[in-house]
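Scroll down for the structure; my scribbles are underneath it.
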Protein chains: 2
Amino acid sequence: MNPIGELNPTQRILMGPGPSDVHPRVLRAMSAPCIGHLDPEFIGIMNEVQQLLRYVFQTSNKLTIPISATGSAGMEACMVNVLEPGDHVVIGVNGVFGMRMSDIAERCGCDVTKIEVEWGRIIEPEQVQEAVNAKATKLVGVVHAETSTGAHQPLGDISKIARDAGALFMVDTVTSLCGAEVRVDDWDIDLVYSGTQKCMSCPPGLSPISFSDRALETLRGRKSKVQSWYLDMTMVEKYWTDGDRAYHHTAPINMNYAIREALRIVHEEGLESRWARHQKNHEALAAGLSAIGIELSAQEGHRLPMLNAVKIPDGVDDAKVRGALLSEFNIEIGGGLGAGKGKVWRIGLMGESSCSHHVLHLLTALETLLAAEGVSLTKGAGVAAASEIYS
Amino acid sequence: MNPIGELNPTQRILMGPGPSDVHPRVLRAMSAPCIGHLDPEFIGIMNEVQQLLRYVFQTSNKLTIPISATGSAGMEACMVNVLEPGDHVVIGVNGVFGMRMSDIAERCGCDVTKIEVEWGRIIEPEQVQEAVNAKATKLVGVVHAETSTGAHQPLGDISKIARDAGALFMVDTVTSLCGAEVRVDDWDIDLVYSGTQKCMSCPPGLSPISFSDRALETLRGRKSKVQSWYLDMTMVEKYWTDGDRAYHHTAPINMNYAIREALRIVHEEGLESRWARHQKNHEALAAGLSAIGIELSAQEGHRLPMLNAVKIPDGVDDAKVRGALLSEFNIEIGGGLGAGKGKVWRIGLMGESSCSHHVLHLLTALETLLAAEGVSLTKGAGVAAASEIYS
């Protein structure tokens with residue numbers, strides 16, 4: 001075997017679709033001594049993580065915990081616990097993550113109605129109404145923040161349609177949580193999941209979820225066992241929330257240290273202030289990009305503040321520019337996913353990465369690289385336009 | 001919400017069933033700056049982790065990666081990828097983890113033959129032979145190191161029986177890997193999984209797995225989709241091993257820093273030396289315990305070096321003694337699981353925790369606490385007997 005040297009990753013400027021920059025306090029907390037997962041001190045930490053998660057989800061749901069795996073496992077956990085073979089589900093598909101929801105529902109043996117719209121656009125309430133009118137529906141699922149397209153899905157009307165149809169309402173908040181308004185209780189969301197490496201600015205590794213009482217009743221009324229052992233909430237909830245803390249698996253101790261610290265930082269800033277910060281930096285970036293001729297690609301009026309999908313200018317070499325951003329400016333942005341591959345860049349302004357110096361640095365770097373690619377632009381125009389938002 | 005203060009976990013002496021003590025180098029590596037999961041530097045780290053895992057598993061299997069979740073997800077990953085409804089599987093059940101294998105196989109819709117033996121005893125090859133003779137068998141699964149009982153399962157004969165029967169051979173090495181001999185290729189193991197928080201001495205959060213070519217052929221020949229999206233190796237293997245690194249989920253970046261460093265430490269020590277160290281500390285502990293009248297509970301001749309299950313002496317209050325070990329001596333040991341609850345203690349000597357000063361400290365602490373509980377013993381006899389092994 002070749003010798004493998006000391007770990008020495010470069011300190012990047014993370015402006016892709018996640019992970020985002022992690023605060024040094026979070027890295028420090030994560031490197032505290034590992035203790036046992038049934039240690040009374042760790043039980044205390046589990047309780048605190050749940051309290052903090054209830055705050056960021058704006059919920060009083062008892063079952064509000066981090067799944068011991070990444071965001072997509074949170075999606076799977078929400079679905080496999082309430083779905084059974086033959087159930088009819090309605091999924092909004094306007095990007096990669098709606099496709100993923102449909103895929104999982106199919107693996108649960110469900111009858112899936114996909115509401116497919118052009119990538120970058122939102123799902124319209126009328127489409128959901130039509131789908132639930134057609135057949136008795138167990139669950140309606142949509143993506144609040146489509147990380148693949150930058151679309152920001154309104155939830156109020158769809159929630160009401162799902163509720164009136166007697167269906168559970170599931171929402172993907174992987175990218176929106178802690179960066180845009182999410183109100184699980186006020187918006188009658190029954191199943192919600194998120195990730196840690198987006199606007200929470202914690203390394204990836206856990207997936208916060210929350211189940212409403214209606215979701216729990218559905219779980220308790222199942223005819224069949226949950227198809228995943230690892231994600232079976234009838235057992236996981238005893239491990240996380242019961243007095244006994246019955247052993248299920250071993251929680252990722254140090255990742256829980258990390259999420260606790262990341263959530264403490266969110267709580268110190270306050271959700272409303274954090275949402276406003278994300279909005280302001282988004283506006284500055286959008287103004288700057290527009291000034292150098294780069295357009296956002298998601299539907300107008302429904303653009304995410306933390307994930308800015310932009311059209312790659314004609315004739316510009318996608319891989320070359322992203323490579324130069326990384327090697328010359330140390331900036332990571334994301335390429336397109338699925339239908340967006342080669343057509344869009346995804347610029348993240350998430351958590352710690354949502355700040356004016358990142359916005360201005362990226363605009364400067366893009367101006368330099370795009371001019372070299374032959375794009376006609378006025379040097380300095382992007383930074384000037386962004387600065388106006390900040391001043 | 002109550003204010004939640006700075007994280008400040010006590011530095012414990014971890015002698016339970018895992019997690020074990022984590023080396024400061026691993027904690028330091030884990031707190032390196034988070035980078036993107038598709039960053040060329042992280043791709044390099046993924047390759048190095050795979051190389052190091054092939055070394056500790058003693059395999060050349062291409063698909064040898066850490067699953068982005070804890071050990072039990074590794075078990076589930078091994079099973080859901082090769083099993084389909086109606087398959088007959090044979091599972092050795094001599095503790096909690098054999099039960100868990102059976103449970104997962106049932107959730108895959110399989111016809112499960114459980115070979116049930118008394119907890120603490122090993123599965124005999126004849127029992128496996130009989131079970132595979134009865135019906136065509138897709139998979140034979142056993143637990144190499146039963147963490148709930150301390151039994152050390154021999155694998156050679158059972159591997160041959162499985163191979164001759166045309167069945168895949170699956171082995172749980174969660175607790176044995178890096179602490180006792182494991183040779184995936186020499187022993188013809190088709191599916192193997194482990195955890196990070198045992199003899200690898202890394203925090204929990206990942207589950208290393210390895211699939212043989214036969215296992216991969218079975219996967220590629222499936223009639224149905226893998227029931228778990230998150231654990232579907234047809235996609236996960238592209239993310240980890242293909243040139244393209246197609247996005248599947250976001251790997252837990254900093255946990256991969258941690259496992260890389262933990263595996264570097266294993267490689268520096270050398271597997272054979274590490275196995276010998278675990279054996280020696282086990283012998284010292286066993287001699288010391290015997291001298292104060294505490295007996296190991298697993299079948300003689302088949303006792304694990306890293307997980308010592310012992311009978312709680314008559315009249316001794318389980319919870320009280322374990323509580324005092326933690327509060328007065330800062331030592332964590334494990335209580336019994338399942339059938340062992342209230343009857344056994346589980347003393348881990350895993351990875352960094354397998355060392356003479358932990359053995360001697362625990363023996364001293366136990367002597368003090370058991371004497372207070374009215375157990376008749378000669379003070380100092382345990383430490384003296386253990387010291388003889390070390391001298």
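Derivation of every value follows stated rules applied to the coordinates shown; laboratory data play no part. Everything numeric here is computed off the predicted structure, so don't read it as measured data. Quick reminder, even Gly has a Cβ in these numbers, built from the backbone with ideal geometry, and neighbours come from all protein chains shown.
For A:Glu146, the residues whose amide H sits under 5 Å from its own are A:Ala151, A:Gln153, ignoring neighbours fewer than 5 places away on the same chain, with H placed 1.01 Å from N.
By the Cβ rule of 4.7 Å, the protein assembly as shown holds the following cysteines without a possible disulfide partner: A:Cys34, A:Cys78, A:Cys108, A:Cys110, A:Cys202, A:Cys355, B:Cys34, B:Cys78, B:Cys108, B:Cys110, B:Cys202, B:Cys355. Each helix, a run of at least 4 DSSP H residues, gives -39500 (n - 2.57); summed and divided by the residues of chain B, these come to -13000 deg cm²/dmol at 222 nm. Across all Cα atoms of chain B, the radius of gyration (one decimal) and Dmax (whole number) stand at 21.4, 66 Å. Per-residue 3J(HN,Hα) values for region A:134-145, derived from phi via the Karplus relation 6.51 cos²θ - 1.76 cosθ + 1.60 with θ = phi - 60°, read 5, 7, 4, 10, 8, 8, 10, x, 9, 9, 5, 10 Hz in sequence order (x marks Gly and Pro). Comparing A:Glu295, A:Glu118, A:Glu261 in a Gaussian network model of chain A (Cα springs below 10 Å), the most mobile by mean-square fluctuation is A:Glu118.
Sort B:Glu6, A:Glu84 by Cβ crowding within 10 Å, fewest neighbours at the top. List each step's numbers first, then the result.
On the way: B:Glu6 10, A:Glu84 18.
So the ranking, lowest neighbour count to highest, is B:Glu6, A:Glu84.
Legend: ranking of residues B:Ser387, A:Ser159 from fewest to most surrounding C-beta atoms inside 10 Å; resulting order B:Ser387, A:Ser159.
Ordered by the count of other Cβ atoms within 10 Å of each Cβ, fewest first, B:His302, A:His248, B:His37 give B:His302, A:His248, B:His37.
Using C-alpha pairs below 8 Å separated by at least 6 residues, the relative contact order for region A:67-147 is 37 percent. Each listed q (0.11, 0.19 Å⁻¹) maps to a log10 I(q)/I(0) for region A:36-117, found by the Debye formula over equal Cα scatterers with no solvent: -0.42, -0.90. For A:Ser391, the point set 7 Å out from Cα toward Cβ sits 8.3 nm from its twins in the other copies, listed from shortest up. Between the alpha-carbon centres of region B:64-141 and region A:94-137 there is a gap of 36 Å. The three principal axes of the C-alpha atoms in region A:205-293 carry coordinate ranges of 57, 30, 21 Å, sorted with the longest axis first. Distances between copies of A:Gly221, taken at a point 7 Å out from Cα along the Cα→Cβ vector and listed shortest first: 4.3 nm. Comparing mean-square fluctuations of B:Ala165, B:Ala32, B:Ala286 from a GNM of chain B with C-alpha springs under 10 Å, the top value falls on B:Ala32. Kirkwood hydrodynamic radius of region A:1-83, from the reciprocal of the average inverse Cα-Cα distance over all distinct pairs: 16.5 Å. The region of chain A that goes longest without hitting one of the trypsin sites (Lys or Arg not before Pro) in a DSSP loop, each with at most 16 other Cβ atoms within 10 Å, is A:246-340. Based on every Cα atom in the protein assembly as shown, Rg and the maximum pairwise Cα distance Dmax equal 26.7, 90 Å. For region A:313-353, relative contact order (Cα pairs under 8 Å, six or more residues apart, normalised by length) works out to 27 percent. Approximating the spin labels as points 7 Å out from Cα along Cα→Cβ, the B:Glu181-to-B:Asn47 distance works out to 3.4 nm.
In debye, nearest 20: dipole of region A:271-390 around its Cα centre with unit charges on the Cβ of K, R (+) and D, E (-)?
I would put it at about 220 debye.
Antiparallel beta bridges, as assigned by DSSP with both residues in region A:24-267, represent about 35 percent of the total such bridges. For A:Asp111, the amide hydrogen comes within under 5 Å of the amide hydrogens of A:Gly86, A:Asp87, A:His88, A:Val89, counting only partners 5 or more places away or on other chains and with H modelled in the peptide plane. The value given for region B:320-391 is a Kirkwood hydrodynamic radius of 13.2 Å, derived from the mean inverse Cα-Cα separation. The amide H of A:Phe169, built 1.01 Å from its N in the peptide plane, has A:Val140, A:Asp190, A:Leu191 as neighbours under 5 Å, considering only residues 5 or more places off or on other chains. Where in region B:121-152 does the amide nitrogen come within less than 13 Å of the point 7 Å from the Cα of B:Asp188, taken along Cα to Cβ? Residues passing the 13 Å test: B:140.
The mean count of C-beta atoms from other chains within 10 Å of the C-beta of residues in B:62-69, rounded to a whole number, is 3. Across region A:212-221, coupling constants 3J(HN,Hα) worked out from phi with the 6.51/-1.76/1.60 Karplus curve, θ = phi - 60°, read 6, 4, 4, 5, 5, 4, 4, 4, 6, x Hz, and Gly and Pro carry x. The calculated FRET efficiency for the pair A:Asp164 and A:Thr234, based on their C-beta separation and a Förster distance of 35 Å, comes to about 0.75.
In order along region A:326-342, the phi-based Karplus estimate (6.51 cos²θ - 1.76 cosθ + 1.60, θ = phi - 60°) of 3J(HN,Hα) comes to 6, 7, 9, 10, 6, 9, 9, 10, x, x, x, 10, x, 4, x, 4, x Hz; Gly and Pro are listed as x.
With the gyration tensor restricted to C-alpha atoms of region B:271-390, the semi-axes of the equivalent ellipsoid amount to 21, 16, 14 Å, longest first. The Cα atoms of region A:6-51 cover 38, 29, 15 Å along the three principal axes, with the biggest extent listed first. Contact order for chain B, expressed relative to its length and based on alpha carbon pairs under 8 Å spaced 6+ residues apart, stands at 23 percent. What the pair-distance distribution of region B:168-246 shows, using all Cα-Cα distances binned every 10 Å from zero, is 16, 41, 36, 7 percent.
So which of B:Lys160/B:Lys225; B:Lys62/B:Lys160; B:Lys320/B:Lys379; A:Lys138/A:Lys223; B:Lys280/B:Lys343 end up more than 18 Å apart, counting from Cα to Cα? Intermediate values should be presented prior to the final figure.
Values: B:Lys160/B:Lys225 30 Å; B:Lys62/B:Lys160 23 Å; B:Lys320/B:Lys379 20 Å; A:Lys138/A:Lys223 14 Å; B:Lys280/B:Lys343 26 Å.
Where the Cα-Cα span goes over 18 Å, the pairs concerned are B:Lys160/B:Lys225; B:Lys62/B:Lys160; B:Lys320/B:Lys379; B:Lys280/B:Lys343.
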